[in-house]
Amino acid sequence: MIPAEFDYVKAGSVDEAVAALVAGGEDSKVLGGGQSLLPVLRLRLNSPSVLVDVSGIDELRQVTDEGSSILVGAGVTTHEVMHHALVTAHVPLLSQAAGLVADPAIRHLGTFGGSCTHADPSGDMPSVAAALDAEFVVAGPGGRRTVAASDFFVDFFTTAVGLDEVLVAVRLPKMDGWGSHYEKFHRTAQAWAIVGVAAAVKVEGGAITGAKVALTNMGPTPVRATSVEAALVGGPATVEAIAGASGSAADGTSPTTDTHADAEFRQHLARVLTARAVTKAAGL
Amino acid sequence: MTHISVTVDGLHRHGDVEPRLLLVHWLREDLGLVGTPVGCDTSNCGACTVLVDGRSVKSCSVLAVQVDGKTVTTIQGLAEEDGEWHPVQKAFKECHGLQCGFCTPGMVMASVDLLSENPDPTEEEIRNGLEGNLCRCTGYHNIVKAVATAAAEMKGASS
Ligand SMILES: Cc1cc2nc3c(=O)[nH]c(=O)nc-3n(C[C@H](O)[C@H](O)[C@H](O)COP(=O)(O)OP(=O)(O)OC[C@H]3O[C@@H](n4cnc5c(N)ncnc54)[C@H](O)[C@@H]3O)c2cc1C
Ligand code: FES
Ligand code: FES
């Protein structure tokens with residue numbers, strides 16, 4: 001189908017984009033790669049009056065080394081996230097998970113920032129950001145602010161980014177010395193996660209000294225498996241101990257039931273996939 | 001209307017387009033390049049795949065205004081100027097990599113992109129690389145064979 005009519009603004013800078021959003025009013029929308037937005041517009045599930053294209057803004061296209069963290073521009077494509085030297089070297093969890101998003105053609109246009117702001121509960125990038133306690137740099141008419149991952153993902157398809165704001169970049173801590181793995185369960189190629197698990201662990205002298213685990217599609221927003229993290233830390237890095245700790249992965253979650261899986265099966269998957277993800281992250 | 005200027009299959013093309021015009025509709029309806037088909041409404045099938053600045057994209061999921069200033073290659077621009085087919089096109093024919101042919105333009109373009117990034121892919125890498133392209137006819141086996149054959153051919157030609 002053909003989308004409903006809209007006006008198109010190609011922004012040259014973040015300030016220009018914010019100004020265009022303000023001028024466009026509440027029916028204006030940011031266009032990143034369009035890989036979630038265009039299917040929505042084609043099916044006429046949404047019909048914004050103005051699209052503000054941020055893909056040409058230089059600042060959004062950068063990946064920057066900040067010392068103990070890297071700053072990934074919101075307009076960096078999923079394909080670039082997979083291959084960028086700073087990401088593969090310091091946040092391999094992000095590059096590995098990016099390689100499991102959609103398919104190559106969609107990854108060539110879809111952006112890291114778009115994935116996060118779209119905030120699909122089955123999206124892979126939000127749970128990686130949540131696991132790593134990422135920070136989101138958001139620009140609006142009143143200037144810039146930084147939002148913690150725990151405050152960024154608000155609900156199904158809803159983030160802290162306001163209607164007149166642009167996500168500029170995402171700050172991720174360097175995970176040097178940690179092992180990590182993203183485990184995704186889906187039934188067909190090129191499909192969204194039925195359940196996914198993002199895990200990073202630090203192993204020292206045979207013991208786990210740090211653990212970060214977040215679940216995809218186990219609720220309206222990414223879920224941190226805090227009880228698993230607590231059970232892992234201080235324990236031995238063994239397959240048995242990890243399997244034991246992963247038993248609580250689904251505690252307190254309320255996943256949906258849909259055509260792909262019911263809630264009970266999702267909870268089963270969360271436990272099994274958490275064990276697999278943490279085991280691989282620990283290099284076992 | 002927004003003015004766009006795009007290199008399409010080696011030719012400089014420009015025109016005024018409505019912002020909502022999809023790239024695939026600009027190619028087919030304004031430029032008459034009907035070699036690129038539309039197979040779905042959900043960005044899933046990949047039949048409409050073209051290259052933008054050398055990388056595969058689904059032309060049903062891109063606005064024409066998004067490719068302003070860029071270079072687009074469709075299945076109709078893949079052959080040499082003298083008409084000699086691209087090795088991937090030849091391999092699809094030789095290996096029976098198509099039956100009805102509806103998915104073929106997209107399959108070929110996605111394969112060209114795959115081989116430009118990974119000139120010597122394993123079978124698994126070929127299958128993963130083509131995961132965004134659906135074929136209702138072949139069962140994929142001969143498509144995978146065609147891509148492997150083209151890879152060998154292209155490697156032979158460059159060494
Ligand atoms: C067939 C198919 C399969 C897919 N499979 C997966 C999958 O397995 N896993 C997965 O994670 N994703 C999947 N996706 C989604 C894909 O990753 C999208 O590219 C991504 O969700 C959106 O990124 P985008 O840059 O294209 O954003 P757009 O589509 O341009 O925008 C999406 C939303 O984010 C907003 N937005 C975008 N950028 C910004 C910004 N900088 N500031 C403020 N708001 C912004 C837009 O206004 C819009 O609301 C799939 C998509 C398709 C079509
Ligand atoms: S027609 Fe473009 S993906 Fe199906
Ligand atoms: S040959 Fe018929 S869809 Fe692929």
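The values are calculated or read from the model by the stated rules, or taken from the named source; none is laboratory data. Just so you know, these numbers come straight off a predicted model, no measurement behind them. Quick reminder, even Gly has a Cβ in these numbers, built from the backbone with ideal geometry, and neighbours come from all protein chains shown. These accessible areas exclude ligands, DNA and RNA; they are computed on the full protein's heavy atoms, side chains included. Shrake-Rupley method; radii C 1.70, N 1.55, O 1.52, S 1.80 Å.
Structural remarks
- A Förster distance of 51 Å, applied to the separation of the beta-carbon atoms of A:ASN46 and A:THR209, puts the FRET efficiency at 0.65.
- Among the protein heavy atoms, those of A:LYS10 account for about 100 Å² of accessible surface (1.4 Å probe, every chain in place).
- Of B:CYS137, B:CYS40, the order by accessible heavy-atom surface (1.4 Å probe, DNA, RNA and ligands excluded), from most exposed downward, is B:CYS137, B:CYS40.
- Stokes-Einstein translational diffusion, chain A - Kirkwood Rh over all Cα pairs, 0.692 mPa s, 37 °C, in µm²/s: 171 µm²/s
- For the stretch B:124-146, heavy-atom accessible area (probe 1.4 Å) falls by no less than 30 Å² from the chain alone to the full protein assembly at B:GLU131.
- Cβ neighbours within 10 Å from other chains - mean over B:34-41: 1
- Legend: mean number of C-beta atoms from other chains within 10 angstrom of residue C-beta atoms, peptide A:94-106, equals 5.
- For a modelled paramagnetic label at A:VAL154, 7 Å from Cα along Cα-to-Cβ, the residues of the stretch A:8-38 in reach, with backbone nitrogen under 17 Å, are A:22, A:25-30.
- Folded to 0 to 90 degrees: helix A:263-281 orientation relative to chain A principal axis, Cα: 70 degrees
- On a per residue basis, the stretch A:179-281 carries 41 Å² of accessible surface, using protein heavy atoms and a 1.4 Å probe.
- In this structure B:MET154 has an accessible area near 70 Å², from a 1.4 Å probe over the protein heavy atoms.
- Peptide B:42-49 has a mean shielding of 4, counted as Cβ atoms of other protein chains within 10 Å of each residue's Cβ.
- Each Lys and Arg adds +1 at its Cβ and each Asp and Glu adds -1 at its Cβ; summed about the Cα centre, the protein assembly as shown shows a dipole of about 860 debye.
- For B:ARG13, the residues 5 or more places off, or on other chains, whose built amide H falls under 5 Å of its own are B:VAL6, B:THR7, B:VAL8.
- Exposure rank, largest accessible area first [B:THR122, A:THR221; 1.4 Å]: B:THR122, A:THR221
- When the stretch A:11-65 is described by a simple charge dipole with +1 on each Lys and Arg Cβ and -1 on each Asp and Glu Cβ, the residue from A:LEU51, A:VAL14, A:VAL40 located farthest towards its positive end is A:VAL40.
- Mean-position separation - Cα centroids, the stretch A:198-245 and the stretch B:2-77, in angstrom: 45 Å
- Rounded to 10°, Cα long-axis angle of helix B:141-158 versus longest principal axis of chain B: 90 degrees
- Remark: the stretch A:60-173 carries 33 Å² of accessible area per residue (probe radius 1.4 Å; ligands, DNA and RNA excluded).
- Ordering B:VAL6, B:CYS48, B:LEU27 by Cα displacement along the dipole of the stretch B:2-77 toward the positive end leaves B:CYS48 in first place; charges were set at the Cβ atoms of Lys, Arg (+1) and Asp, Glu (-1).
- Approximate spin-label separation B:LYS90-A:ALA230, in nm, with each point projected 7 Å along Cα-to-Cβ: 6.6 nm
- Applying 1/(1 + (r/R0)^6) with r as the Cβ-Cβ distance of A:LEU163 and B:HIS12 and R0 = 41 angstrom yields a FRET efficiency of 0.60.
- Exposure of A:SER180 as accessible area (Å², to 10), given a probe of 1.4 Å and all protein chains: 40 Å²
- Placing unit charges on the Cβ atoms only, positive for Lys and Arg and negative for Asp and Glu, gives the stretch A:179-281 a dipole magnitude near 240 debye about its Cα centre.
- Proximal lysine pairs, chain B, alpha carbons under 16 Å, eight or more residues apart or interchain: 5
- When the accessible areas of A alone and B alone are added and the area of the pair subtracted, with a 1.4 Å probe, the result is around 2400 Å², both sides summed.
- Stretched out straight at 0.36 nm per residue, the stretch from A:GLU66 to A:ALA4 would grow longer than its current Cα-Cα span by 18.1 nm.
- Accessible surface ranking that places the most exposed of B:ASP9, A:ASP258, A:ASP53 first, with a 1.4 angstrom probe: A:ASP258, B:ASP9, A:ASP53
- Cut-off 16 Å, label 7 Å out along Cα→Cβ of B:GLU80, residues of the stretch B:133-156 by amide N: B:153-156
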